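First up is the structure itself, then whatever we jot down about it.
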Amino acid sequence: MKFYIEIFGCKVNSYEGNYLKEIFIRNNYEYIDDYKCADIVIVNTCTVTNTADNKCRKYIRRVRRDNPKVILIVTGCAVQNNIEAYKNLDIDILVGNNYKTKIPSLLEEYLTKNEKIVLYNSSRDLTFENMEINDFDHTRAFIKIEDGCDNFCTYCIIPFTRGKCRSKDFDEIIKEAKNLVKNNHLEIVLTGIHTGSYNYNNHTLVDVINELSKIDGLKRIRLSSVEITELDDKFLEMLKNNPKFCNHLHIPLQAGSDNTLKRMMRKYDLKYFEEKIKAIREIRPDISISTDVIVGFPLESDEDFLSTYEFCQKIKFSKIHVFPYSRRDGTVASRLKEVDEKTKTERVHKLLRLSEFLENEYESKFKGQVVDVLVEEVNDNVSIGHTSNYLKVEINEKLIKNKIYQVIYK
């Protein structure tokens, strides 16, 4: 039987999708890149905003319309957040967030009984669902080391859909990484819903990074994202002494206004954030620090936005991922007065222009320098890859994918 997987949302969903793909292929299913010709379609949903939810439901309806006989399996955060809404759709197997490893056996059960299956648990008190990937369909291989979140930011539904923070077995992470390196992955990205909260039998995130750095053949270790509050002295010491850790951190700011940060229930203020960034740059002056900012959060005044703009300017992020606030039903923020769309759009464009300026300013520091590039894509006579500090590089030469080359950055 032929199967197709559609992944919405974050890097954790991408990891889980890759896991399912590998398991299905191992069980003699054939992967095809076209849902219209598949016997089985698996959808891993996202519910970070109402818009994300709507996109998932729209896609599910389209799959059923275009391929009426397909066995449709739907899982993920949108299912976990609103199981009743998905029960009403024409779905064959509906799976909550903590049962993804059971999907292959649920499919076998469905093929035998031909009866709709719903497997769901509303509790936040969940155990870590262990998955292991031997190969990854990107050059950079992800390892999901953590699941869940206990932060309860006022705009976010994810603590309710992913459950409490829980961590992967330390030894299992190292074993998975060694297998990925054997399959020629030179860079590993550690990911999770709240990756920095990793703690397994008193092993912390830094312990994972330092142990991974001992693996022969592994050249780079990267984090998908980390909170500023988790960059403690132990982390800074690792940053100072571990050459395999990439020269890039993605640290979500979300707002550059103390008023807005309080309304978001973030765990820091601007002074704390700035001092921590200063400490990082004292260790690695040329490190790339990218961030996320939500623009037009409810009750955000002109002064609040100006503070955000000026703070981003001051910190000199290498890139700002700008997100216009999008309402998520069920959150505290959804009950607050929203900023009008025209004002929100204007603010988004202003911050995007600043991001473009800061990106160019950061990149210009490396012009003419020799950089190490991990080649991820080769098209005709052009090779594309990224440096340790996540600069995208195009080389007018046909190189070997998944190898590191020294080139002059132009």
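Here, each number is a calculation from the coordinates, and none is a lab measurement. These figures come from a predicted structure and were not determined experimentally. Glycine also receives a Cβ, built like all others from the backbone with ideal geometry; neighbour counts cover every protein chain displayed.
So Leu306 fits all but one of (1) among the aliphatic types (A, V, I, L, M); (2) without any contact (Cβ under 8 Å) to a residue 12 or more places away in the chain; (3) part of a loop (DSSP other than H, G, I, E, B); what number is the exception?
Here Leu306 clears every test but (3).
Out of the residues in region 10-57 that are loosely packed, with under 15 Cβ neighbours inside 10 Å and among the β-branched types (Val, Ile, Thr), state the one that is nearest to Phe128 (Cα to Cα).
Ile25
Suppose the filter is touching a Lys or Arg at 6+ places or on another chain (Cβ under 6 Å), of a type outside the set (Phe, Trp, Tyr), part of a loop (DSSP other than H, G, I, E, B) and crowded, with 18+ Cβ neighbours inside 10 Å; does Ile221 pass it?
Criteria not met by Ile221.
Note down all Cβ pairs under 8 Å where the first residue falls in region 326-339 and is at positive phi, the second is in a loop (DSSP other than H, G, I, E, B) and of a type in the set (Val, Ile, Thr), and they're at least six residues apart or on different chains.
If the second residue must be in a loop (DSSP other than H, G, I, E, B) and of a type in the set (Val, Ile, Thr), the pairs left are Gly330/Ile157.
Thr154 fails exactly one of the following numbered conditions: (1) farther than 28 Å from Val48 by Cα; (2) surrounded by fewer than 20 Cβ atoms within 10 Å (Cβ to Cβ). What is the number of that condition?
(1)
Give the residues of region 231-258 that are closer than 22 Å to Asn151 by Cβ, in a loop (DSSP other than H, G, I, E, B) and touching a residue at least 40 places away in the same chain (Cβ under 8 Å), sorted by residue number.
Selection gives Leu231, Ile251, Pro252, Leu253, Ala255, Gly256, Ser257.
Tell me which residues, restricted to region 97-121, are touching a residue at least 24 places away in the same chain (Cβ under 8 Å), charged (D, E, K, R) and in a loop (DSSP other than H, G, I, E, B).
Passing the criteria: only Lys116.
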